[in-house]
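To start, the structure itself, in structure tokens.
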Amino acid sequence: MNNYSLTWLRKNLFNNWYNSLLTVVCFIFLFWLVQGFAIWLTTKAQWQVIQVNLHLFLVGRFPQSLYWRIWVVLGISTTLTAITGGAFTKKVIFTKRNSLIAAATIGILLLILPIPLISRLWLLLITGLIVAGLIIGQKFTKIITPWLSLTWLLSCPLIIWLIGGGLGLQPVSTNLWNGLLLTLLMAIISVVLSFPIGVLLALGRTSNLPVVRWFSILYIEIVRGLPLIGILFLAQVMLPLFLPADLRLDRLLRGIVGLILFSAAYMAENVRGGLQAIPRGQIEAGKALGLNTPLLLILIILPQALRAVIPAIVGQFIGLFKDTSLLSLVGLVELTGMARSILAQPQFLGRYAEVYLFIGLIYWVFCYSMSLAAKNLEKQLTS
């Protein structure tokens, strides 16, 4: 321990007798907590519930003979994510230190994960695709960036086709889309569709047209005043009443509609905050250059507004991802609903700690990844 560390400890933790006593008590309490948790983790916890039901946590009752479709979907999505990340990252990713850490982490995961050999090979292939995607994204940034949005848009119907089947593939009922697969699918579709709707509502709320402005205000205030679970129940029960008798929307589709309606209202308020942060002089300068209203919005207003509220938007996305857990209350067996189904198995009754710790770790990994990506994007846009 160097002199700087000792000085910091003396100044912040041991600067007088009562702070020193409080520091010692806190360290003892933390040590007791960590020791107890480590003992439970290594000796008392029954991790068989995770090992035996890992496939249910991840893909639910999706037919095992069609798992190759899920792997292909994972390969497509991770490759596009890697290319996007590489295109928006200016720093050199594959330093010697980063490469060694990544290789060690991947090797340990491949060894300890309780999955068949074929799944390990798929994971190894996907890891290679991620590395290739990052390299391609960094090497060909100027060529790739204009096509990223279109590529992501075209990948969505391809992914839905692979999961659901039809058009030459064996159909898979949405009742078999469960677990983490359903959670990610619902979250991604809801995020992608609620974002443009929220932007339009934010622009509508600041519009000079009274009809557009009041419609946007009423929608935003009404939806924000309702709980998400209420909107999900309305989407499941009330939405079919407004449709023709011979038209029945799938239960999964109704759940997506509820999430989109709810998220769009909050997204609108986040974007409106960014719109209000733009100096009036920016708009006047755009008009002086002869830009019409659509070009003014696309080239000047929206880029600055969205950049200013990146943390709030990402916070909304993270909240939406976690809110998908409420779908289990309307009959959709996503990750949390699948956890409850697993806990109903006779041999795993009472294993709440292991199951909820595992799904909590899954939620944390995805939420932290989104937060980290947003932080990097914010740095790149402000540098």
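The values are calculated or read from the model by the stated rules, or taken from the named source; none is laboratory data. None of these values were measured; they are calculated from a predicted model. Here the Cβ positions follow ideal geometry from the backbone for every residue, glycine too, while neighbour counts run over all protein chains shown. Accessible surface is based on the protein model in full, side chains and every heavy atom, while ligands, DNA and RNA are left aside. Shrake-Rupley method; radii C 1.70, N 1.55, O 1.52, S 1.80 Å.
Assorted remarks:
- Extension gain, LEU200 back to LEU100 (0.36 nm per residue minus Cα-Cα distance, nm): 31.5 nm
- Per residue accessible area of the chain, 1.4 Å probe, in Å²: 60 Å²
- Approximate spin-label separation CYS156-VAL25, in nm, with each point projected 7 Å along Cα-to-Cβ: 5.6 nm
- Here r is the Cβ-Cβ distance between LYS322 and LYS375 and R0 is 25 Å; the resulting FRET efficiency, rounded to 0.05, is 0.85.
- Mean sequence separation of contacting Cα pairs (under 8 Å, at least six apart), scaled by the length of the chain, corresponds to a relative contact order of 20 percent.
- Inter-site label distance for ILE283 and TYR356 at 7 Å from Cα along Cβ, in nm: 4.8 nm
- The length gained by stretching the chain between TRP17 and LEU54 to full extension, at 0.36 nm per residue less their Cα-Cα distance, is 8.2 nm.
- Förster radius 30 Å - calculated FRET efficiency between GLN347 and SER119 (Cβ-Cβ, nearest 0.05): 0.80
- Gain upon complete extension [LEU6, LEU234; 0.36 nm per residue less C-alpha separation]: 76.1 nm
- Exposed trypsin sites (Lys or Arg not before Pro) absent - longest run of the chain, DSSP non-H/G/I/E/B, at most 13 other C-beta within 10 Å: 92-247
- Where only alpha carbons of the range 248-383 are counted, the Rg and the Dmax (Å): 20.9, 73
- Surface share of carbon and sulfur [accessible, 1.4 angstrom probe, percent] for the range 1-52: 70 percent
- Pairwise centroid distance, computed over Cα atoms, of the range 111-154 with the range 166-197, Å: 20 Å
- Principal axis dimensions, the chain - Cα atoms, whole angstrom, descending: 66, 62, 46
- A simple rule links phi to the HN-Hα coupling: the Karplus curve 6.51 cos²θ - 1.76 cosθ + 1.60 with θ = phi - 60°, which for the range 317-334 gives 5, 5, x, 5, 4, 6, 5, 4, 5, 6, 5, 5, 6, 10, x, 9, 8, 7 Hz, with x for Gly and Pro.
- Rg/Rg_ref, the range 146-269, where Rg_ref = 2.2 N^0.38 Å and atoms are Cα: 1.22
- R0 of 41 Å, Cβ-Cβ distance GLN64-PHE37: FRET efficiency to nearest 0.05: 0.70
- Tail beyond 16 Å, pair distance distribution of the range 216-295 (Cα, percent): 64 percent
- Projected onto its three principal axes, the C-alpha set of the range 34-164 covers 54, 41, 25 Å, listed from the longest axis down.
- Residue of ASN208, ASN16, ASN175 that the Gaussian network model of the chain assigns the largest fluctuation, springs spanning Cα pairs under 10 Å: ASN16
- Within the accessible area of the range 168-315 (1.4 Å probe), percent carbon and sulfur: 71 percent
- Computed label-point distance, nm, for sites VAL211 and ILE135 using a 7 Å Cα→Cβ extension: 5.7 nm
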